[in-house]
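Structure first, then comments.
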Amino acid sequence: IFAMGGGGFTMEPANPLLDDFVLSLTRARRSLVAAVAEPRLPEPRILFLPTAAGDTTAQINAFRARFADRPCVPEHLSLFRLADTKRPLEEIVLSQDIVYVGGGSMRNMLAIWRAHDLDRLLIEAWRGGTVLAGLSAGAMCWFAGGVTRSSGSPEPIAGLGLLDGSLTVHADGEPERLPVWLASVRDGALPGGWAVDDGVGLLFAGLHLERVVSSRPGAGAQRVDAIAGELV
C-alpha cells in the first residue's frame, strides 16, 4: 500500500515523481511472475477510482494525461456511471496490478464503495498482490482512521482498517487538520499514526512501513502516539 498525503497528478501536474514511483512498485512482483510464467508480460494495468470526488471528468482527464504515455494500461472505474461499464466489477478490480484512489470526500467514498461491495473487492485484490495507492481520502481509507473534511470542519473518521494506526494528510497544505488529529490521538478517538505533508508518501510492505518518500524538498512525515495521556 502506498499512501500519499497529497500530490500526484491531481495536485502536482508538473511533477510526476510520485506517480512514476507508483508504477515502479509493480516491477518486483511482475519480475517474479515472469520468472515462473513467461519472459514477456504485458504492461501493468492501473485502475483509477475517482469516487471520492464524485467521478469528476477533471480528475479522470488528469489521470489519463499522466499515464497515457507511460508504460502501463490505464483504466478508470466510475461508480456513478455503471451503466457504461461492460464488465463485472469483480473482473475489473481483480485484473489490475495497481488500484489508484483519488482524493475528495472520504465519508461519501466509503459509503458508495460499501453499497457496491467494492471495499470487499479491494481487500481481496490487495491480498492477491495488487498494489493499492492513493492520496488524501484515497490514502486515509486504508488505515484504521483519519481526519476528513467531508462535512466541512475536520473530524475523525474510521477507515477500512487494512493498516493499523491512523493517518492525517495535507499536514502542511491544510494545517487545520493537524490539531484535530493530535487531539483525537490524545483522547483515544484515533490510534496513533502518521501526519503526512503534501508530496510525501508512505510505502507499506504488507502491514509494515518500509519507506517514506517525497516529491519535493522539505516535505516530510511524523509518527505520533499517545503514551500515558501524552503525545510522543
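Could you check segment 95-121 and list, in sequence order, the residues that are farther than 16 Å from F48 by Cβ, open to solvent by 10 Å² or more (accessible area, probe 1.4 Å) and either outside any loop (DSSP other than H, G, I, E, B) or touching a strand residue (DSSP E or B) at 6+ places or on another chain (Cβ under 6 Å) (or both)?
Across segment 95-121, the qualifying residues are R107, N108, A111, R114, A115, D119, R120.
Would you check if there is a residue in segment 157-165 being at pLDDT below 95 and closer than 21 Å to A53 by Cβ?
No, every residue in segment 157-165 fails to be at pLDDT below 95 and closer than 21 Å to A53 by Cβ.
For R149, indicate whether it is open to solvent by 10 Å² or more (accessible area, probe 1.4 Å), over 18 Å from V224 (Cβ atoms) and free of Cβ contacts under 8 Å to residues at least 12 places away in the same chain. Working first, answer last.
Working: open to solvent by 10 Å² or more (accessible area, probe 1.4 Å): yes; over 18 Å from V224 (Cβ atoms): yes; free of Cβ contacts under 8 Å to residues at least 12 places away in the same chain: no.
So R149 does not fit the description; no.
Could you tell me which residue of segment 202-232 is nearest to P16 (Cα to Cα), considering only residues that are open to solvent by 90 Å² or more (accessible area, probe 1.4 Å) and among the acidic types (D, E)?
E210
Within segment 122-141, can you find the residues that are open to solvent by less than 10 Å² (accessible area, probe 1.4 Å), touching a residue at least 60 places away in the same chain (Cβ under 8 Å) and part of a helix (DSSP H, G or I)?
A137, G138, A139, M140
Anything in segment 180-232 that is assigned to a helix (DSSP H, G or I) and not acidic (D, E)? List them, or say none.
Selection gives V180, W181, L182, A183, S184, V185, R186.
Can you tell me which residue within segment 149-168, out of those that are outside any loop (DSSP other than H, G, I, E, B) and among the aliphatic types (A, V, I, L, M), is nearest to L135 (Cα to Cα)?
L167
Of the residues that sit in segment 60-91 and are farther than 17 Å from G102 by Cβ, of a type in the set (A, V, I, L, M) and in a helix (DSSP H, G or I), which one is modelled with the lowest pLDDT?
Among them, the one singled out is A83.
Residue check: is G199 crowded, with 20+ Cβ neighbours inside 10 Å and modelled with pLDDT of 95 or more?
Yes, satisfied.
For D172, work out the one condition from (1) open to solvent by 60 Å² or more (accessible area, probe 1.4 Å); (2) farther than 24 Å from L110 by Cβ; (3) out of contact with any Asp or Glu (no Cβ under 7 Å at 6 or more places or on another chain) it doesn't fulfil.
Of (1) open to solvent by 60 Å² or more (accessible area, probe 1.4 Å); (2) farther than 24 Å from L110 by Cβ; (3) out of contact with any Asp or Glu (no Cβ under 7 Å at 6 or more places or on another chain), only one is false for D172: (3).
Under 8 Å between Cβ atoms, at least 6 apart or on separate chains: pull out the pairs that start in segment 168-180 with a residue that is farther than 15 Å from P156 by Cα and end on any residue that is surrounded by 17 or more Cβ atoms within 10 Å (Cβ to Cβ) and of a type in the set (A, V, I, L, M, F, W, C).
D172/A219
Quick one: is A144 in contact with a Ser or Thr (Cβ under 9 Å, 6 or more places away or on another chain), of a type in the set (A, V, I, L, M), assigned to a helix (DSSP H, G or I) and surrounded by 15 or more Cβ atoms within 10 Å (Cβ to Cβ)?
So A144 does not fit the description; no.
The values are calculated or read from the model by the stated rules, or taken from the named source; none is laboratory data. Quick caveat, the model's predicted, so the values are computed rather than measured. Cβ: placed from backbone, ideal geometry, glycine included. Neighbour counts: every protein chain shown. Heads up: the accessible areas ignore ligands, DNA and RNA and are worked out on the full protein's heavy atoms, side chains in. Shrake-Rupley method; radii C 1.70, N 1.55, O 1.52, S 1.80 Å.
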